[in-house]
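Structure record follows, encoded as structure tokens.
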There are 2 protein chains.
Amino acid sequence: MTKFDEATQAIRVDETTYDVCLDPGYSIGGPLNGGYLMAVALRAVVDASPHAHPVSTSAQFLKAPRPGPARMRVEQLKAGKTAAFARATLLQDDVPQIELLVTTATLNDVEPDYSAEPPHPMPPLEECVRLPAPKPESGMTINAQVEMAFDPPTIGWLSRRPTGRPEARAYFRMAEPQDPDPYVLALAVDALPPVVFSAGGKGWAPTVELTWHLRALPAPGWLTLLGSGRLIADGWFDEEVEVRDSTGRLVAQSRQIARVGRG
Amino acid sequence: MTKFDEATQAIRVDETTYDVCLDPGYSIGGPLNGGYLMAVALRAVVDASPHAHPVSTSAQFLKAPRPGPARMRVEQLKAGKTAAFARATLLQDDVPQIELLVTTATLNDVEPDYSAEPPHPMPPLEECVRLPAPKPESGMTINAQVEMAFDPPTIGWLSRRPTGRPEARAYFRMAEPQDPDPYVLALAVDALPPVVFSAGGKGWAPTVELTWHLRALPAPGWLTLLGSGRLIADGWFDEEVEVRDSTGRLVAQSRQIARVGRG
């Protein structure tokens, strides 16, 4: 069991209940990373499902749970031959923190009938840049769990040269040896800095809703995260992330709707 | 009250229950259109919310409800100042048909801070084509409720000239005079023929999950629906629709994951 497997473990209590322990190592400076929380939730949902893979996950982020014990409640809505539907809730002190609708199915490793080109080219890994380690007082513990190498212009905002467009692109892998799997993908789709930073936004940008689809099981190696946004208006922005595996295959697609930080 | 308002009406029974009557006029040849069903569900959710607009809607399509009486169950998860979260279920004969997570908020009419260009240009309305009226025996009653004018290549599949890419683009408005509003947008994001038809797919393409975000209140006039897909693999495809209003403003974004028909 890898460190990440352990941090996302869900222990079955009964048919509809799982105990989890939220790991302080996935903090983004106080709140825990939304992708990490989805990974934890999906462990419980997939365990309770007749199918192997979380093909579609929608999550509403009601509250920001703290590290420590929490509980997953899983309700089966319909289990079909092709897909099973579940509702799931992450609770802490009996208070709902994240509400999810998850569709599970079993994906087969087949050649796609059609696949679009990546939405944006990526420079080679050796031309991408690592971010400096965050200050301990920032509480950004998640940076120690993942390794990311950024397409340089998309982190221009760090040196006050934002591109003026919502975007973020990076290579991504777990810091400890761990092949990507659907749970790593759940983390990956919410791992980029908010795309709004590149358009001049600042401050915590809380996710309100995030939906992502698992499209194929990823090959070992680096993932590529291609993040963009279409509209920033009235304090709301959207963030799309397309995830490609090391063979270039499209493995996950996400869109979240989030609030622009107050700077 | 317009014909569409009437067809999507939700009558409050108590705090968590609404009676609805599913209109046979929104059939896609047996099953009812998913966008229509979302519009009905959203009437109940918004009525029960302290906020005015359904900014984010995720729907799992468990079953295909029939025209006739049905019931909405709405559960408030959290009502905050910026956004309220609800879970909702459309039931028929006490069996869940559609499961939704809806986030409501109140949108303000402000200039966007950033807006991307449309993902694809559209020819002028007069160069777009209407589809011939469906045969009565097809049961496609929805075609009488909406008016659509298609970007010609994207319906080439009708004359056996698919473009080879998942795509569909059309101007859209209600057949009866009705200004677009969030409920019309719920219908619009699922109104195009499945994008997979343009890539050679055939047959009913059932939506498994659809998430859409309301980004602004639409101006009166025609809507433009720009539909595309990124991957067709293992019997699954994604369909993205970006909706622009008559002023060109991005008003809604959707993505659904669906099954490829068997032809």
Shortest-first distances to equivalent copies, position B:Thr82, nm, label 7 Å out along Cβ: 3.8
Comparing A:Ala86, A:Ala144, A:Ala59, which has the greatest mean-square fluctuation in the GNM of chain A with Cα pairs linked when under 10 Å apart? A:Ala144
Once you've got the Cα coordinates, tell me which of B:Lys3/B:Lys202; B:Lys135/B:Lys202; A:Lys81/B:Lys135; A:Lys202/B:Lys78 are over 21 Å apart. B:Lys3/B:Lys202; A:Lys81/B:Lys135; A:Lys202/B:Lys78
From the protein chains alone at 1.4 Å, what is the descending order of accessible area for A:Thr163, A:Thr106, A:Thr211, largest first? A:Thr106, A:Thr163, A:Thr211
Can you give me the solvent accessible area of B:Arg43 with a 1.4 Å probe, rounded to the nearest 10 Å²? 50
Copy-to-copy label separations for A:Glu147, where each label sits 7 Å from Cα toward Cβ, in nm and ascending: 6.0
Under a point-charge model restricted to the Cβ atoms of Lys and Arg (+1) and Asp and Glu (-1), what is the dipole moment magnitude of the stretch A:16-96 relative to its Cα centre, in debye to the nearest 20? 240
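Let a ≥ b ≥ c be the square roots of the eigenvalues of the Cα gyration tensor of the stretch A:135-175; is it rounded (a/c under 1.5), or, if not, prolate (a/b larger than b/c) or oblate?
Oblate, because a/c is 1.5 or more while a/b does not exceed b/c.
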Average partner chain C-beta neighbours within 10 Å, per residue of A:69-80? 1
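Place a +1 charge on the Cβ of each Lys and Arg in the stretch B:74-167 and a -1 charge on the Cβ of each Asp and Glu, then give the dipole magnitude about the Cα centre in debye, rounded to the nearest 20.
Working: 8 positive and 14 negative charges, 63 e Å.
Computed about the Cα centre, the dipole is about 300 debye.
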Please label the shape of the stretch A:120-190 as rounded, prolate or oblate, based on the square roots a ≥ b ≥ c of the eigenvalues of the alpha-carbon gyration tensor (a/c under 1.5 means rounded; beyond that, a/b larger than b/c means prolate, else oblate). oblate
On the principal axes of its Cα set, how long, how wide and how thick is the protein assembly as shown? Give whole Å, largest value first. 66, 47, 46
Can you give me the solvent accessible area of B:Lys3 with a 1.4 Å probe, rounded to the nearest 10 Å²? 110
For the stretch B:1-121, what is the Kirkwood estimate of the hydrodynamic radius, computed as the reciprocal of the mean inverse distance between distinct Cα atoms, to one decimal in Å? 15.3
Calculate the length of the line joining the C-alpha centroid of the stretch A:62-76 to that of the stretch A:7-24, in whole Å. 9
Distance in nm between A:Asp179 and A:Arg161 label points, each 7 Å along Cα→Cβ, equals 4.0
Which residues among the stretch B:97-114 fall inside the zone where the amide N is under 17 Å from a point 7 Å beyond the Cα of B:Gln76, along Cα→Cβ? B:102-106
What's the total accessible area buried between chains B and A, using a 1.4 Å probe, rounded to the nearest 100 Å²? 4900
Probe 1.4 Å, heavy atoms of protein chains only: per residue, the accessible area of the protein assembly as shown in Å² is 40
Under a Cβ-only charge scheme (Lys and Arg +1, Asp and Glu -1), can you give me the dipole magnitude of the protein assembly as shown about the Cα centre, in debye to the nearest 20? 180
Roughly speaking, to the nearest percent, how much of the stretch A:8-100's 1.4 Å accessible area is carbon and sulfur? 49
5 angstrom amide H check on A:Asp23, placed H, neighbours 5+ away: A:Gly68
Give me log10 I(q)/I(0) at q = 0.15, 0.18 Å⁻¹ for the stretch B:154-245, Debye formula, one equal scatterer per alpha-carbon, no solvent. -0.59, -0.81
Rank these by accessible area, largest first, 1.4 Å probe: A:Leu131, A:Leu42. A:Leu131, A:Leu42
Which residues qualify? For B:Gly139, with a placed amide H closer than 5 Å and at least 5 residues away or on another chain, they are none
So what's chain B giving for Rg/Rh, alpha carbon basis, Kirkwood Rh from the mean inverse pair distance? 0.95
Per the Kirkwood treatment, what hydrodynamic radius in Å, one decimal, follows for the stretch A:8-52 from the mean inverse distance over all distinct Cα pairs? 11.2
Output the residues of the stretch B:183-215 meeting this criterion: accessible area (heavy atoms, 1.4 Å probe) in the chain alone minus accessible area with all protein chains in place is 20 Å² or greater. B:Val208, B:Glu209, B:Thr211, B:His213, B:Arg215
How far apart are the A:Lys202 label points across copies, placing each 7 Å from Cα toward Cβ, in nm, shortest first? 6.0
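The values are calculated or read from the model by the stated rules, or taken from the named source; none is laboratory data. What you see is a predicted model; the values in this text were computed from it and never measured. Because the Cβ atoms are built from the backbone with ideal geometry, glycine has one as well, and the counts that use them run over all protein chains shown. Note: areas computed on protein heavy atoms with side chains; ligands, DNA, RNA excluded. Shrake-Rupley method; radii C 1.70, N 1.55, O 1.52, S 1.80 Å.
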